[in-house]
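The values are calculated or read from the model by the stated rules, or taken from the named source; none is laboratory data. Small disclaimer: the values here were computed from a predicted structure and weren't measured. Heads up, the Cβs are rebuilt from the backbone with ideal geometry, glycines too, and the neighbour counts pull from every protein chain shown.
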Amino acid sequence: MKKHNYSAGPSILTPEVFEKSAQAILDFNNSGLSILEISHRSKDFVAVMEEARALALDLLGLTGKGYQALFLAGGASLEFIMAPYNLMKEGGKAAYLDSGTWASAAIKEAKAFGETVIVASSKEQNYNHIPKGYTVPEDADYFHCTSNNTIFGTQMKEFPKLNIPVVCDMSSDIFSRVLDFTQFDIIYAGAQKNMGPAGTTLVVIKEEVLGKNGRVIPSMLDYAKHIKAESMYNTPPVFPVYTSLLTLQWLKNLGGVAAIEKINNEKAALLYNEIDRNPLFRGTAAVEDRSNMNVTFLLNDEAHKDTFDAMWKAANISGLPGHRSVGGYRASIYNAMPIESVQVLVDVMKALEAAV
Ligand code: PMP
């Protein structure tokens, strides 16, 4: 029986996407060939890449606004390097918001390229909130932030309005809520949360920000080269891109980001209401910064741990333990997670309360 998968990533995809991607491995487009054995330059795969790139921009409301979408390899972690390589000038400077482990990993990489200003950090409070009230230096080459902190269950609800390029790591909440995406100049997101399997990263770039930093950029790290090659500079990760396309098509048919945002808000409210109501549990993130994708919570009394763990496992739930740096539990309720699965978890929490 299929489990209720709360894994933080790689994570749940919709049943339709699992079925169609499995079918494409056996026989892609009735071609008598698997998607795994055809040329990435074949007509059928070029069509996949083009539709995925166009649909990503469409769903973000960025079509015709000077943006390009790429599906690259190397994970979101490679974008920690590509962003400064493409935007930071020699002797230049970048501004970063330190809101979590992944933001901090991005900062570490930027330091290799030049002065890296941390405008604010919530590290001292174990990243339990999003820092606010900071100033971004106007002479920075760009500002970098992380929209959703996967490990700590916090999410930026507002973004600073700046006159410098804004780079945002949206790995764990891309396509989950409506934002004015034109406020960002580079958006990147590893596929393995809201799009597909691990192996590709969606990078959305406002073309006008490129080519201004005067650096010689190695070809594979040069956004402009990938754009010129239409995301086929080298052999792209064909299966993760195809699976991502299936997810984007599913989302489009559902009504796009606005439609999924409504469902995501309902799922998050269902779970947070139970965490706040049930005397056995408490949330770990500041209430105003709570993530609608990763819900982190603790048992008030660790003595109930074995009972609770046995109960959610018996309810066919998987992937609930929290990250080691927070402990407790983390329910990742990405786009593909149905509200019925969230209800199963809430019912287990209620059953624990009744049992102890
Ligand atoms: N940024 C965020 C917000 C993440 O959650 C993750 C992975 N969980 C990463 C970056 C790193 O992604 P990858 O493993 O694809 O390099």
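Per the conditions (1) outside any loop (DSSP other than H, G, I, E, B); (2) more than 12 Å from the ligand (Cβ to nearest atom); (3) without any contact (Cβ under 8 Å) to a residue 40 or more places away in the chain; (4) not small (Gly, Ala, Ser), the sole criterion not satisfied by Cys168 is (2). If the condition is being surrounded by 15 or more Cβ atoms within 10 Å (Cβ to Cβ) and on the phi > 0 side of the Ramachandran plot, then the range 247-298 contributes only Gly256. Residue count for the range 181-193 under the criterion of being away from the ligand (no atom under 11 Å from the Cβ) and either aliphatic (A, V, I, L, M) or in contact (Cβ under 8 Å) with a residue 60 or more places away in the chain (or both): the result is 4.
Cβ-Cβ contacts under 7 Å between residues 6 or more apart (or on different chains), taken from a first residue in the range 30-47 that is under 13 Å from Met232 (Cα atoms) and assigned by TED's automatic domain parsing to the domain that holds Met232 to a second residue that is among the β-branched types (Val, Ile, Thr) and assigned to a loop (DSSP other than H, G, I, E, B), are listed as His40/Thr235; Phe45/Ile38. Listed by first and then second residue, the pairs with beta-carbon distance under 6 Å, at least 6 apart or on different chains, first residue in the range 276-289 and among the aromatic types (Phe, Trp, Tyr), second at pLDDT 95 or above, are Phe281/Ile275; Phe281/Phe297.
Could we say that Ser176 is polar (S, T, N, Q), closer than 20 Å to Leu59 by Cα and more than 12 Å from the ligand (Cβ to nearest atom) here? For Ser176, the condition - polar (S, T, N, Q), closer than 20 Å to Leu59 by Cα and more than 12 Å from the ligand (Cβ to nearest atom) - is met. Entry remark, the range 114-139: residues being farther than 24 Å from Thr296 by Cα and either surrounded by 23 or more Cβ atoms within 10 Å (Cβ to Cβ) or within 16 Å of the ligand (Cβ to nearest atom) (or both) number 0 in total.
Is it fair to say Leu248 is among the aliphatic types (A, V, I, L, M) and under 20 Å from the mean Cα position of the chain (by Cα)? Before you say what the answer is, go through the steps one by one.
Details: among the aliphatic types (A, V, I, L, M): yes; under 20 Å from the mean Cα position of the chain (by Cα): yes.
Criteria met by Leu248.
The number of residues in the range 145-163 that are over 17 Å from Tyr188 (Cβ atoms) and surrounded by 19 or more Cβ atoms within 10 Å (Cβ to Cβ) comes to 4.
If I ask for residues that are away from the ligand (no atom under 16 Å from the Cβ), out of contact with any Leu (no Cβ under 7 Å at 6 or more places or on another chain) and either without any contact (Cβ under 8 Å) to a residue 40 or more places away in the chain or not in a loop (DSSP other than H, G, I, E, B) (or both), which ones from the range 55-105 would you list? Result: Leu57, Asp58, Gly64, Gln68, Leu87, Gly91, Lys93, Ala94, Ala95. Each residue in the range 140-165 was checked for being within 15 Å of the ligand (Cβ to nearest atom) and among the aliphatic types (A, V, I, L, M), and 2 of them qualify. The set of residues in the range 35-48 being surrounded by fewer than 21 Cβ atoms within 10 Å (Cβ to Cβ) and not small (Gly, Ala, Ser) consists of Leu36, Glu37, Ile38, His40, Arg41, Lys43, Asp44, Phe45, Val46.
Those strands (runs of 3 or more DSSP E) of the range 184-284 in which at least 2 residues are touching a helix residue (DSSP H, G or I) at 6+ places or on another chain (Cβ under 6 Å) and under 21 Å from Leu57 (Cα atoms), considering only elements entirely within it, cover 186-190, 201-206. The residues of the range 168-205 that are surrounded by 24 or more Cβ atoms within 10 Å (Cβ to Cβ) and β-branched (Val, Ile, Thr), listed by number, are Ile174, Ile186, Ile187, Thr200, Thr201, Val203, Ile205.
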